[in-house]
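The values are calculated or read from the model by the stated rules, or taken from the named source; none is laboratory data. This is a predicted model, so every value here is computed, not measured. Here the Cβ positions follow ideal geometry from the backbone for every residue, glycine too, while neighbour counts run over all protein chains shown. Side chains are part of the model used for accessible areas, which takes the heavy atoms of the whole protein and leaves out ligands, DNA and RNA. Shrake-Rupley method; radii C 1.70, N 1.55, O 1.52, S 1.80 Å.
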Amino acid sequence: MLRRWILAILMAAFGVLVAVTQLAAGLPVVGGVELLAFLALALLLSPWAFPRSTGAAEAQRASAVDGRPIVYWRPGCYYCLRLRFSLGRLAQRAHWVDIWRDPAAAAAVRAVAGGNETVPTVVLGDRAVVNPDRAWFREQLRAT
């Protein structure tokens, strides 16, 4: 559980440290702005930036019923974050599975990524795409 939040916690802690340092130097406005920037970065690196994660088994069952793709991701992954924000509201049309939260999800990714836990990995039907093209994936989501 802590592993999923470690980057967000570090960014928030570093932001507080920088803000206290700036406050001690007599620059409260600069410290406040820097704290807000670090807190925003912490939010982006946290699991909160993604739709609610489900387990791998639950996502596979739901995907078989509704045909929506499964996106395997992990907190702090730059490429996952890029994919998530490029999708906007379309992200809600996919099942999101955090591989750090579910060992079965990590195993599913390793099975299609040559033994690596490379994310984001998208599974659409019987096709798996590691680090998919964002435009292609947007089109797939619009079609579902």
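The range 111-144 and the range 64-78 have Cα centres lying 8 Å from one another.
Placing R0 at 22 angstrom, the Cβ-Cβ distance between TRP136 and ALA64 gives a FRET efficiency of 0.50 after rounding to 0.05.
Take every DSSP beta bridge whose two residues both sit in the range 10-144; close to 60 percent of them are antiparallel. Note on ALA113 and LEU44: the extension gain reaches 22.3 nm, defined as 0.36 nm multiplied by sequence separation minus the Cα-Cα distance. The residues of the range 1-96 present an accessible area of 57 Å² per residue when probed at 1.4 Å with all protein chains retained. Just to confirm the number: angle between the C-alpha axis of helix 56-66 and the first principal axis of the chain, 0 to 90 degrees, nearest 10? It works out to around 60 degrees.
A full extension of the chain between ALA104 and GLN92 corresponds to an added length of 2.1 nm, given 0.36 nm per residue minus the alpha carbon distance. Note on the chain: GNM, Cα springs under 10 Å; of THR121, THR54, THR21, the largest mean-square fluctuation is that of THR21. Tell me which label goes with the value of Rg and Dmax of the Cα atoms in Å computed from the coordinates here: (1) 15.5, 49; (2) 17.8, 60; (3) 17.5, 47. Of the listed options (1) 15.5, 49; (2) 17.8, 60; (3) 17.5, 47, (2) comes from this structure. Applied to the range 32-45, the Karplus parametrisation 6.51 cos²θ - 1.76 cosθ + 1.60 on θ = phi - 60° returns per-residue 3J(HN,Hα) values of x, 5, 5, 4, 4, 5, 5, 5, 5, 5, 4, 5, 5, 8 Hz, with x for Gly and Pro. Couplings for the range 112-124, taken from phi via the Karplus curve 6.51 cos²θ - 1.76 cosθ + 1.60 with θ = phi - 60°, read 9, 10, x, x, 9, 9, 7, 10, x, 10, 10, 10, 10 Hz in order; Gly and Pro are left as x. The length gained by stretching the chain between ALA57 and VAL29 to full extension, at 0.36 nm per residue less their Cα-Cα distance, is 5.2 nm.
Taking each DSSP H run with n ≥ 4 as -39500 (n - 2.57) and averaging over every residue of the chain yields -18500 deg cm²/dmol at 222 nm.
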